[in-house]
Amino acid sequence: MNKKGFIFDLDGVIVDTAKYHFLAWKNLAKSIDIDFTKEQNEQLKGVSRVKSLEKILEWGNKTISEEQFTSLMGKKNEEYLSFIATMDDNEILPDVSKVLNYLIAQKQPISLGSASKNARPILEKVNLLSKFDAIVDGNDVSKAKPDPEVFLIAAKALNIKPEDCIVFEDSVAGVQAANTANMISIGIGEKEVLHEADYVFSDFTEMENSFIEELINR
Ligand code: BG6
Ligand code: MG
């Protein structure tokens, strides 16, 4: 049987946590008198915690000390953790479990490829950790998306060549990372935003098993 590597981003693909990241960043930016738009937030999706704060400060034309920087990152994460504290499997996005189970039934290797350092506890909370053959997250990488590092490490962990990997992503940076890694990129979200992806679905309910089968056999 053909084997492909299926790599899933976490926030905004598996779970509905993108809204919590946005809210926590918005509150943090406001606390230092910076406002940012939905378009700017789109540029933070998929991007590491450090890089996100750097971008917000750049947009607000602010320079701060290293100490303040560390403290602000801590504050953002604290608020984010308070949002996800009560999370359960109700926050798994529609038909994610269906697709994961189909891939498992087809004996396809599955990895996480996320920028988040909170990935493992989140997958545990929503009871999905056992579905993954490999977990690659923000603790394993040194370069943020759009750098392909996270996906290349995931491919290696699955022992599948990058060109035989398929990436599911809700962020522009993540789609670019998958493309640079020479993988098939599947955008989950709006076509206008994710136009660089090879395919775009508004969510997994739109994805037929026959489409996944074609990916496995290509
Ligand atoms: C990505 C999110 O998955 O992880 C970003 O799209 C987030 O919004 C990044 O900044 C880092 O996450 P965390 O949980 O380590 O702060
Ligand atoms: Mg994401």
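The values are calculated or read from the model by the stated rules, or taken from the named source; none is laboratory data. Computed from a predicted structure; not experimentally measured. We place every Cβ from the backbone using ideal geometry, glycine too, and count neighbours over all the protein chains shown. These accessible areas exclude ligands, DNA and RNA; they are computed on the full protein's heavy atoms, side chains included. Shrake-Rupley method; radii C 1.70, N 1.55, O 1.52, S 1.80 Å.
Given the condition within 16 Å of ligand 2 (Cβ to nearest atom) and within 18 Å of Asp137 (Cβ to Cβ), answer yes or no: does some residue in segment 25-32 qualify? No, because not a single residue in segment 25-32 is within 16 Å of ligand 2 (Cβ to nearest atom) and within 18 Å of Asp137 (Cβ to Cβ).
Yes/no matrix, rows are residues, columns are (1) hydrophobic (A, V, I, L, M, F, W, C); (2) under 19 Å from Ser82 (Cα atoms):
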position: Phe8; (1), (2): yes, no
position: Gly12; (1), (2): no, yes
position: Ala18; (1), (2): yes, yes
position: Lys45; (1), (2): no, no
position: Leu57; (1), (2): yes, no
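Evaluation of Ala24 against the conditions (1) in a loop (DSSP other than H, G, I, E, B); (2) in contact with a helix residue (DSSP H, G or I) (Cβ under 7 Å, 6 or more places away or on another chain); (3) within 13 Å of ligand 1 (Cβ to nearest atom) shows that the sole unmet condition is (1).
When segment 153-177 is limited to residues that are β-branched (Val, Ile, Thr) and out of contact with any Leu (no Cβ under 6 Å at 6 or more places or on another chain), the one that is farthest from ligand 1 (Cβ to nearest atom) turns out to be Ile160.
Only a single item in (1) within 13 Å of the chain's Cα centre (by Cα); (2) assigned to a loop (DSSP other than H, G, I, E, B); (3) without any contact (Cβ under 8 Å) to a residue 40 or more places away in the chain is not met by Val13, and it is number (3). The lone criterion from (1) open to solvent by 40 Å² or more (accessible area, probe 1.4 Å); (2) in contact with an Asp or Glu (Cβ under 7 Å, 6 or more places away or on another chain); (3) away from ligand 1 (no atom under 11 Å from the Cβ) left unmet by Ser130 is number (2). Out of segment 57-107, which residues are surrounded by fewer than 14 Cβ atoms within 10 Å (Cβ to Cβ), of a type in the set (Ser, Thr, Tyr) and assigned to a helix (DSSP H, G or I)? Answer for segment 57-107, where residues must be surrounded by fewer than 14 Cβ atoms within 10 Å (Cβ to Cβ), of a type in the set (Ser, Thr, Tyr) and assigned to a helix (DSSP H, G or I): Thr70, Ser71, Ser82. Ala144 meets the conditions (1) among the hydrophobic types (A, V, I, L, M, F, W, C); (2) in a helix (DSSP H, G or I); (3) at pLDDT below 95 in every case but one. The failed one is (2). Quick one: would you say Thr37 is of a type in the set (S, T, N, Q), more than 11 Å from ligand 2 (Cβ to nearest atom) and either touching a strand residue (DSSP E or B) at 6+ places or on another chain (Cβ under 7 Å) or without any contact (Cβ under 8 Å) to a residue 12 or more places away in the chain (or both)? In short, yes. Please list, ordered by first then second residue, the pairs with beta carbon atoms under 6 Å, 6 or more apart or interchain, first in segment 165-176 and free of Cβ contacts under 8 Å to residues at least 24 places away in the same chain and within 12 Å of Lys145 (Cα to Cα), second away from ligand 1 (no atom under 11 Å from the Cβ) and open to solvent by 10 Å² or more (accessible area, probe 1.4 Å). The qualifying pairs are Val175/Glu196; Val175/Ala197. Out of Thr17, Thr37, one residue alone is open to solvent by less than 40 Å² (accessible area, probe 1.4 Å) and not acidic (Asp, Glu). It is Thr17. Filtering segment 160-206 to residues that are more than 23 Å from Ser116 (Cβ to Cβ) and assigned to a loop (DSSP other than H, G, I, E, B) leaves Lys161, Asn182, Lys191, Glu192, His195, Asp198.
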